[in-house]
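Note sheet for the following structure.
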Amino acid sequence: MNRPWERTVHPIEQESFRRLRARLDTSHFAPLTRAVVERVIHSAADPEYATDLVCDEASLVVAHAALHAGAPVVTDVEMVAAGITRRETVCRLKEARSGLGLTRSAHAIRLAYEQVGPGAIWVIGNAPTALEELLVLDAAPALVIGLPVGFVGATESKAALRESGLPAVSNVSEKGGSAVAAAALNALLYHPLTPTPTTTEENL
């Protein structure tokens, strides 16, 4: 069985998390929420994500199990895919085409859904239109990590995601991006199926 949480953590990463926890108390978060919040903060060196992120622990528990059971992972852009380690992903942006009322990013989401069907984990860190398209597809996702960045459409698309009732990780502000979206997914990948830390990683 593939155990992505069994990895050797570099001393720089260990020290980075130590400093993060010395600066910011995250102990009040539930386990998976804490994992996501800490890794997103770590990826951006931005403690404000502790109050900007919106997570639901119950949804994360279900998504975590689905991820480790092999649920497909779809990304909106290759930069998000490049940041996700130890897991294959689907990104159809190269084949996508823009058209009347349809951005290339939105078309890529349509193509990906045709490929993977319901039950996937969607990681959107770049294009608000990709998130908007996902919300109209009735894709029945295991989780949507919706963290697109920008001044046009980003906050609105993330608000729509929260209003949809879908299991999700989002944030309130314009902030976001490929690195933080990938970090949120990696947090779930690196978190063990049991609460017992491994010998190579103390559940960073």
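The values are calculated or read from the model by the stated rules, or taken from the named source; none is laboratory data. The shown structure was predicted, so the numbers you read here are calculated from the model rather than taken from an experiment. Reconstructed Cβ throughout: ideal geometry from the backbone, glycine too, with neighbour counts over all protein chains shown. Note: accessible area is taken over every heavy atom of the protein model, side chains too, but ligands, DNA and RNA are not part of it. Shrake-Rupley method; radii C 1.70, N 1.55, O 1.52, S 1.80 Å.
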Long-range neighbours under 6 Å by Cβ, at least six apart or interchain, first residue within 12 Å of D138 (Cβ to Cβ) and without any contact (Cβ under 8 Å) to a residue 40 or more places away in the chain within the range 106-119, second of a type in the set (G, A, S) and open to solvent by less than 40 Å² (accessible area, probe 1.4 Å) = Y113/A139
The residue from V80, V37 that alone is farther than 17 Å from N126 by Cβ, in contact with a helix residue (DSSP H, G or I) (Cβ under 8 Å, 6 or more places away or on another chain), outside any loop (DSSP other than H, G, I, E, B) and open to solvent by less than 10 Å² (accessible area, probe 1.4 Å) is V37
Matching entry among V169, V180 (being in a strand (DSSP E or B) and open to solvent by less than 20 Å² (accessible area, probe 1.4 Å)) | V169
If we scan the range 86-104, do we find a residue that is hydroxyl-bearing (S, T, Y), in a loop (DSSP other than H, G, I, E, B) and in contact with a strand residue (DSSP E or B) (Cβ under 9 Å, 6 or more places away or on another chain)?
-> yes
How about the range 127-154: which of its residues are within 18 Å of D52 (Cα to Cα), open to solvent by 10 Å² or more (accessible area, probe 1.4 Å) and touching a helix residue (DSSP H, G or I) at 6+ places or on another chain (Cβ under 6 Å)?
-> P128, G153
Filter result for A108 (aliphatic (A, V, I, L, M), open to solvent by less than 40 Å² (accessible area, probe 1.4 Å), part of a helix (DSSP H, G or I) and in contact with a strand residue (DSSP E or B) (Cβ under 8 Å, 6 or more places away or on another chain)) | no
The condition from (1) in contact (Cβ under 8 Å) with a residue 40 or more places away in the chain; (2) under 22 Å from A179 (Cα atoms); (3) not β-branched (V, I, T) that G153 misses is numbered (1)
